[in-house]
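Worksheet: the structure to be examined is printed underneath.
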Amino acid sequence: MQKRALIVGLGIAGMSAAIGLRRAGWTPVIVERAPGRRTGGYFINLMPDGMEAAAGLGLDHLHTRSPEAGSTWSLNRRGHRRPAPGWLDLPGHPTAMVRGDVEAALWHRIRPGGDDGIEVRFGTSPLEITERDSAVEVLLNDASTGRRSRETFDLVIGADGLRSTVRRLVFGPHERFMTTWNAMICAFPLPGQAPSFGAQDSLISARAGRAVWVFGLADRPPTALLTYCTKDIDAQFTGDRTERLRTVFGDMDHPAVRHVLDALPTTPDYLFDSVHQVKMERWSSGRVMLAGDAAWCLNLFSGMGTTAALRGGAELGRALEEHPDSLGAALATWEARLRPFITTHQRMARLKHQWFVPTNRFLGGVRTLAMHLAVNARRAATEERLLQAAAPVRGPADRAVAE
Ligand SMILES: Cc1cc2nc3c(=O)[nH]c(=O)nc-3n(C[C@H](O)[C@H](O)[C@H](O)COP(=O)(O)OP(=O)(O)OC[C@H]3O[C@@H](n4cnc5c(N)ncnc54)[C@H](O)[C@@H]3O)c2cc1C
């Protein structure tokens, strides 16, 4: 008989895990708290190993949006712009998209009638998770009907994000695992590019403790990210969100920043949240495991959460195929393969954080200097390439003269 797994959460981690499970011969069932599938979302870039993991999961319909034209500009205090290295200039040349593009490609595979055709129940969440000898019993709540039901599964996967219910029910309270970064973000799509910039340009306006980013994309308006440092996280969730952001960023008096702040009240699709990482000694306990942000949230500054979620699903399938008769061995193998990657990127996120938003003036200065050096190095490399391309090709006669 096929083994059944309950996956909590229809995000990138949940859908990737479903594909992995299906490959290993399991029957996954996904429950999602929201009443329907979400679309849209914020800018995401995928590093080459993320693109590889996407291909490995069979995501043939992944729509990508890396700008073909356009530049990245740093906006200074006096309102001037300067060329700057952008997110897509990172080593490895990431590929740009929005979160909804990855989710749409995963959904294309798992949707009923798709290649992996997986059962998905919307409006449904776990209320209790109890591990028995050879199965896990879950009390599920269907919010649309108010109906509660108990079902048993061979494995439960919490892929329900940063504030995971599965983690809280089985592993312990959020505070035990969520580290605080004293930072806030607000990410949302813009209705159009900021005035006087090219449609696919990206913009950065960074001061000590605050930054505004606009990410240019190939075939849709850009998305915006506001991020700032604060020690009082709780206070950020009180009062009006737009007013709060206007207070934090209001004195960054550049037309592009005003354009971003003016777009904020009109957008229905935004994420306003505090920044954390999730750190756990083990990602599984018996027949319950966590995946994606629920298990290891790298956070947005790492730029690797999607890659990790895709890899997590692919690696889970591989480990279950290798250990068909021992769930314990499969989960231990899965974790041993992923752990070094996650630890590295959790550490690197601290460094990348400074690039997104320098946390003090000194680090802001270091960041500005590093950006100048990077732009100059890039300019020199381009000039070198142009000179080489323009140099006449030497034939045998030239060589003879030279000798
Ligand atoms: C602003 C921002 C920018 C980012 N940029 C990048 C980037 O450039 N590159 C990159 O690789 N990564 C990036 N990331 C990280 C990346 O988006 C995530 O790591 C990735 O989407 C994995 O998410 P997940 O599936 O684990 O969780 P989520 O996306 O949070 O999905 C969890 C799902 O579970 C559902 N759920 C929650 N609770 C319950 C419940 N009790 N019952 C049922 N369902 C539930 C939710 O509704 C949701 O559908 C960024 C993140 C942010 C916030």
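The values are calculated or read from the model by the stated rules, or taken from the named source; none is laboratory data. Only a predicted model underlies this, so the values are computations on that prediction, with no experimental measurement involved. Ideal geometry is used to build each Cβ from the backbone, glycine not excepted, and the neighbour counts take in all protein chains shown. Note: accessible area is taken over every heavy atom of the protein model, side chains too, but ligands, DNA and RNA are not part of it. Shrake-Rupley method; radii C 1.70, N 1.55, O 1.52, S 1.80 Å.
Starting from the 7 Å offset along Cα-to-Cβ, what nm value, one decimal, do you get for the label separation of residue 246 and residue 282?
Taking the simple label geometry, residue 246 and residue 282 are separated by 5.2 nm.
Quick check for me: using +1 on Lys/Arg Cβ and -1 on Asp/Glu Cβ, what's the dipole size of the chain about its Cα centre, in debye to the nearest 20?
Using Cβ point charges on Lys, Arg, Asp and Glu, the chain gives about 920 debye.
So what is the accessible area of segment 36-129 per residue, in Å², with the probe set to 1.4 Å?
47
May I ask what percent, to the nearest 5, of DSSP beta bridges between residues of segment 1-90 are antiparallel?
Rounded to the nearest five, the antiparallel share is 40 percent.
What share of the DSSP beta bridges in the chain is antiparallel, in percent to the nearest 5?
About 70 percent, rounded to the nearest 5.
How high is the relative contact order of segment 182-325, in percent, with contacts defined as C-alpha pairs under 8 Å that are six or more residues apart?
Taking the mean separation of contacting Cα pairs over the length of segment 182-325, I get 24 percent.
Place +1 on the Cβ of every Lys and Arg and -1 on the Cβ of every Asp and Glu in segment 59-152, take the dipole about the Cα centre, and give the residue among 138, 105, 92 whose Cα lies farthest towards its positive end.
92
Is it possible to state the helix-based mean residue ellipticity at 222 nm for the chain, with each DSSP H run of 4+ residues giving -39500 (n - 2.57), the sum divided by total residues, to the nearest 500 deg cm²/dmol? What is it?
-12000 deg cm²/dmol
Give the lysines reachable from residue 352 as a straight Cα distance under 28 Å; neighbours fewer than 8 places away on the same chain don't count.
By straight Cα distance, residue 352 reaches 231, 279.
By a straight-distance test (C-alpha under 17 Å), which aspartates and glutamates pair with residue 3 as possible cross-link partners, with residues fewer than eight away in the same chain excluded?
Output for residue 3: 116, 119, 131, 133, 137, 151, 154, 321, 322, 325.
Within the accessible area of segment 290-352, what % is carbon and sulfur when the probe is 1.4 Å and the other protein chains stay in place?
57
For segment 109-267, just say rounded, prolate or oblate: build the C-alpha gyration tensor, square-root its eigenvalues into a ≥ b ≥ c, call rounded for a/c under 1.5, and beyond that prolate if a/b exceeds b/c, oblate if not.
Taking the square roots of the gyration eigenvalues as a ≥ b ≥ c, segment 109-267 is prolate.
Between residue 27 and residue 339, take the C-beta separation as r, use R0 = 30 Å, and let me know the FRET efficiency to the nearest 0.05.
Working from the Cβ atoms, E equals 0.60.
Can you pull the accessible area of residue 80 for me, 1.4 Å probe, Å² to the nearest 10?
Approximately 100 Å² of residue 80 is accessible to the 1.4 Å probe.
Each label point is 7 Å from the Cα along the Cα-to-Cβ direction; what then is the distance between the points at residue 196 and residue 258, in nm?
Taking the two extended label points, one gets 1.1 nm.
So what's the gap between the Cα centers of segment 9-88 and segment 317-346, to the nearest angstrom?
22
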